[in-house]
1. List, in the order given, every pair from K133/K364; K148/K364; K223/K285; K109/K148 whose Cα-Cα distance in the structure shown is over 26 Å.
2. If each DSSP helix of 4+ residues adds -39,500 (n - 2.57) and the sum is divided by the residues in the chain, what number results at 222 nm, nearest 500 deg cm²/dmol?
3. Taking the alpha-carbon set of region 167-407, what are its Rg and Dmax in Å?
4. For q = 0.06, 0.08, 0.12 Å⁻¹, what log10 I(q)/I(0) does the chain give under the Debye formula with an equal point scatterer on each alpha carbon and no solvent?
5. Any aspartates and glutamates with Cα under 15 Å of the K203 Cα? List them, leaving off those in the same chain fewer than 8 positions away.
6. Round to a whole angstrom and tell me the spacing of the C-alpha centers of region 276-301 and region 199-238.
7. Using only the C-alpha atoms of region 264-390, find the volume of their convex hull and express it per residue in Å³.
8. Could you pull out the GluC sites (Glu not before Pro) across region 65-122 that fall in loop regions by DSSP (anything but H, G, I, E, B) with no more than 14 other Cβ atoms inside 10 Å?
Amino acid sequence: MQQEVVEAEGHLIDSHLMERIFDTVVEYNGRFEVEQFEIGRTNADNSRLRLKIEAETAADMEQILGQLLDLGCTPADSGQAELAAVERDCCAPEDFYSTTNHKTLVRLKGEWMEVEDQRMDAMIVVADNVSGKRAACRRLRDLRQGDKVVVGMRGIRVVPEPKERDRSAFAFMSNGISSERQVETAIRQTAALMRQCREHGQKIVVVGGPVIVHTGGVQGLSKLIQGGWVQALLAGNALGVHDIEASLLGTSLGVRQSDGRLEEHGHRNHMRAINAIYHAGGIAKAVESGRLKSGVMYECVKAGVPIVLAGSLRDDGPLPDTITDMNRAQDAYAEQLRGAGLVLCLGSMLHSIATGNMLPSWVKIVCVDINPAVATKVSDRGTGQAVGVVTDVGLFLDLLARNLEQSV
């Protein structure tokens, strides 16, 4: 019989971590005994749990510990983090530790060290710098021969994000995804989050799809950019193309925005828009020359807001500004997400999921889409902090811009 003692600390009850810990032990063929439990006496106090676990085999115990680690449980006798050297570029040791998006610490020389650049599905590389050792998340493709990677599960501590206890201001952050949520309520609370980010000097990043243009959300998003509420725009080629098409030709996917009727030969308008930007030498030069005079791309260039357009296999053109190398596009997204406090995902499932995978769990995500399945997919793929607002993206942006204008 294998035995281990694990400890956990945090808001274990109202974050439902306690029941998940118990269920996990039983699910993976183990038994538990609570040796000690101290409940926090106030809403600010943490609770503490000490749990003895038994399993029939070492393999069962290893599986249980691996699952409990992600829930914030650390072996009482954790020891030091074990390191192994990378033998070839892009090849991690077989028993590498794969990170979650939660705050993580590793124990080195008797001290707990916080891991930098936290993200899910990465390795932890420990290296020396001027001030001593540092630990940081690194993707598999970025590993280099000689890197020291954390292996196994000893000397690792994961700290899951607690459930919000401020029920009045941000209660909707824990309400999941519902098409019955009042849009006006979600707008007020999203606006409150944006003001909070501004007060704390954090970035607000928008991840957008072409539906922003199709639903008439360009004006609302433009107002947010003009008001300084957006510090980066991450999208695919399609948002750029259709935004520019609407600005230059008054159509979106060949449909006139003025009356919703199909423009004659409108199917070629998006290609005409791409061609115009190539003639200008890029989006920024099209703005500088006066060729592009309105729209989301125009407002970003005028306000100095970085734009990252990530290409895909289905793109027409694409625009000269679109990054067609997947790895470079991921790097560009990740760079703009540094320092983010809030990410607004607006009508783009694939880019929203990709962005969520790059973020630590303490960065809040508001995912807006008319299809509730989109927000569900974002959350199910590990981005548990994502909150879904099921509504028309254009309506959401219009109401959000009005709310923030009133607060200025």
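1. On the way: K133/K364 30 Å; K148/K364 31 Å; K223/K285 22 Å; K109/K148 15 Å.
Listed pairs above 26 Å: K133/K364; K148/K364.
2. Values: 14 runs with 143 residues, N = 408.
Taking each H run of at least 4 residues, the total per residue is -10500 deg cm²/dmol.
3. 17.1, 53
4. Log10 of I(q)/I(0), two decimals: -0.30, -0.51, -1.01.
5. Answer for K203, where 15 Å is the Cα cut-off: E335, listed by chain and number.
6. 17 Å
7. Details: hull volume 17.5 nm³, N = 127.
Enclosed volume per residue, from the Cα hull, is 138 Å³.
8. Details: sites: E82, E87, E94, E111, E114, E116; in loops: E87, E94.
Answer in residue order: E87, E94.
No value in this document is a laboratory result; all are computed from the given coordinates. This one's a predicted model, so the numbers in the text were calculated from it and none came from an experiment. So basically every Cβ, Gly included, is an ideal-geometry build from the backbone, and we count neighbours across all protein chains shown.
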